[in-house]
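The values are calculated or read from the model by the stated rules, or taken from the named source; none is laboratory data. Keep in mind that what you see is a predicted model, and the values were worked out from it rather than measured. Positions of Cβ are generated from backbone atoms using ideal geometry, with glycine treated the same way; all protein chains shown enter the neighbour counts.
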Amino acid sequence: MKKYQSMFTLCQCLLFITLSVCAIEGFAEDSLYETIKLTESYILKHQNPDGGWPLVPGQESDVEVTSFAMQALMAKGWGTGTKVIRGGVSYLIKHQNADGSWNGNTAHTIFALIALTQAETDPGARFKGLKWIQEAQNEDGSWGREMHQGGNLLYTATVLDGFRRLDFKQDFRAASKAADWLANPIRINMDGGWSMLRGQSSDILVTTWILQGLSLVYDIDVQIAWLKQMQNEDGGFGRRKGEASDPEITAYAIMALVAGKDPLNTDRVAIGYLRKVQQEDGSFVSATPIELKQPTANLQTTCFVLLAMYARSIEEALEK
């Protein structure tokens, strides 16, 4: 891994060329359009009267899921002034803590900040939230779940990726410190991936979030090549190599592949998997959200799938 320098090699291209050609040839735009429409419809159907979205239909609204739903719908083209988006904004503003955070949680706070920024609203709330995020950063560059908790790979990656989506640049000190902390060799497994605890096999969920964040500061071509080797035959990705594919993990992988500018369009194969596992009502089933004990149709997974399908458009907008 190197800062600011491309190092993708010919052998890495050859390793994945067959899979990528199949992806491009089998990609049906009409079918994808139907998948997107069903996904959008499911998200819209389950907005609560308070303007927020729940994890599972019928439950109370949730800050994280509301942030994901707003981002996904705006990526689809819902305007910042629409009733749907304004409802989400109202819910988030109402649930911001006096200290500027959401639930005192770094991930909840950065996700809400992304949604409000994309909705082009409430600069005061956004300033307070960003100030809290900066104050919550540890001296070594990491973040924990809460203010000044010990460094956590996933929370640090989430905030770093949030900075990228908020259009901070690679020389933003808080971002560069976080990237250096994540990229420290002592935190990387021998195979090139990351896991939450040392000694565990590399975790695709954790690695995909880290790669999205690191792409702001580092070249990640080698790590993208590693990620593509984790792809299952059905086109999806599981939590670890060899584990069954999961829609939410696959969505994360697509977002990382696009952030890493994978030249072989491997994300198209993964989108093909997502199209095949969509439920009739437009939802996606997963047990990835930590609140769920078994695979369940839920809004978090469904929102990330829609975000993954628009990942290329989102990245193009960030580059402008």
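Picking from residues in the stretch 239-251 that are of a type outside the set (D, E, K, R) and surrounded by fewer than 19 Cβ atoms within 10 Å (Cβ to Cβ), the one that is farthest from residue 297 (Cα to Cα) is 242.
Among the basic types (Lys, Arg) and either under 29 Å from residue 32 (Cβ atoms) or modelled with pLDDT under 95 (or both): is that true of residue 76 in this structure? Even if it seems obvious, please write down each step before you answer.
Numbers: among the basic types (Lys, Arg): yes; either under 29 Å from residue 32 (Cβ atoms) or modelled with pLDDT under 95 (or both): yes.
It is true that residue 76 is among the basic types (Lys, Arg) and either under 29 Å from residue 32 (Cβ atoms) or modelled with pLDDT under 95 (or both).
Select from the stretch 63-80 the residues that are in contact with a His (Cβ under 9 Å, 6 or more places away or on another chain) and over 18 Å from residue 311 (Cα atoms) and write down the one among them that is surrounded by the most Cβ atoms within 10 Å (Cβ to Cβ). Steps first, please.
First, the residues of the stretch 63-80 that are in contact with a His (Cβ under 9 Å, 6 or more places away or on another chain): 63-64, 66-67, 69.
Adding the requirement that they be over 18 Å from residue 311 (Cα atoms) leaves 63-64, 66.
On the way: 63: 22, 64: 22, 66: 30.
Among those that are in contact with a His (Cβ under 9 Å, 6 or more places away or on another chain) and over 18 Å from residue 311 (Cα atoms), it is 66.
Among the residues of the stretch 296-320, the one identified as surrounded by 15 or more Cβ atoms within 10 Å (Cβ to Cβ) and in a loop (DSSP other than H, G, I, E, B) is 310.
Report yes if residue 11 is farther than 20 Å from residue 308 by Cα, at pLDDT below 95 and not in a loop (DSSP other than H, G, I, E, B), otherwise no. Even if it seems obvious, please write down each step before you answer.
Details: farther than 20 Å from residue 308 by Cα: yes; at pLDDT below 95: yes; not in a loop (DSSP other than H, G, I, E, B): yes.
It is true that residue 11 is farther than 20 Å from residue 308 by Cα, at pLDDT below 95 and not in a loop (DSSP other than H, G, I, E, B).
So, residue 272, is that one part of a helix (DSSP H, G or I), of a type in the set (Gly, Ala, Ser) and under 15 Å from the mean Cα position of the chain (by Cα) or not? In short, no. Only residues that are in a loop (DSSP other than H, G, I, E, B) and crowded, with 20+ Cβ neighbours inside 10 Å were counted in the stretch 81-99, giving 1.
The set of residues from the stretch 55-72 being within 15 Å of residue 45 (Cα to Cα) and more than 12 Å from the chain's Cα centre (by Cα) comprises 55, 56, 57, 58, 59, 60, 61, 65, 66, 69, 70. If I go through the stretch 291-320 residue by residue, how many of them are at pLDDT below 95 and β-branched (Val, Ile, Thr)? Final tally of qualifying residues: 1. For residue 75, the conditions (1) of a type in the set (Gly, Ala, Ser); (2) under 16 Å from the mean Cα position of the chain (by Cα); (3) farther than 25 Å from residue 288 by Cβ all hold with the exception of (3). Checked against the criterion of being farther than 28 Å from residue 67 by Cα, surrounded by fewer than 23 Cβ atoms within 10 Å (Cβ to Cβ), touching a residue at least 24 places away in the same chain (Cβ under 8 Å) and more than 17 Å from the chain's Cα centre (by Cα), the candidates 180, 221 yield just one match: 221. Residues in the stretch 81-100 that are within 26 Å of residue 309 (Cα to Cα) and either among the small types (Gly, Ala, Ser) or in contact (Cβ under 8 Å) with a residue 24 or more places away in the chain (or both): 81, 84, 85, 86, 87, 88, 89, 91, 92.
Yes/no per residue for (1) closer than 21 Å to residue 72 by Cβ; (2) in contact with a His (Cβ under 9 Å, 6 or more places away or on another chain):
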site: 88; (1), (2): yes, no
site: 93; (1), (2): yes, no
site: 103; (1), (2): yes, yes
site: 109; (1), (2): yes, no
site: 116; (1), (2): yes, no
site: 146; (1), (2): no, no
site: 153; (1), (2): no, no
site: 168; (1), (2): no, no
site: 176; (1), (2): no, no
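Does residue 112 meet the test of being under 22 Å from the mean Cα position of the chain (by Cα), surrounded by 22 or more Cβ atoms within 10 Å (Cβ to Cβ) and either in contact (Cβ under 8 Å) with a residue 12 or more places away in the chain or more than 30 Å from residue 198 (Cα to Cα) (or both)? When the stated conditions are applied, residue 112 passes them.
Within the stretch 100-137, the set of residues being of a type in the set (Gly, Ala, Ser) and either over 20 Å from residue 52 (Cα atoms) or in a helix (DSSP H, G or I) (or both) comprises 107, 112, 115, 124, 125, 129, 136.
Within the stretch 250-269, being under 20 Å from residue 42 (Cβ atoms) and aliphatic (A, V, I, L, M) holds for 251, 254, 255. Among residues of the stretch 134-143 being surrounded by fewer than 22 Cβ atoms within 10 Å (Cβ to Cβ) and not acidic (Asp, Glu), the one that is nearest to residue 168 (Cα to Cα) is 134.
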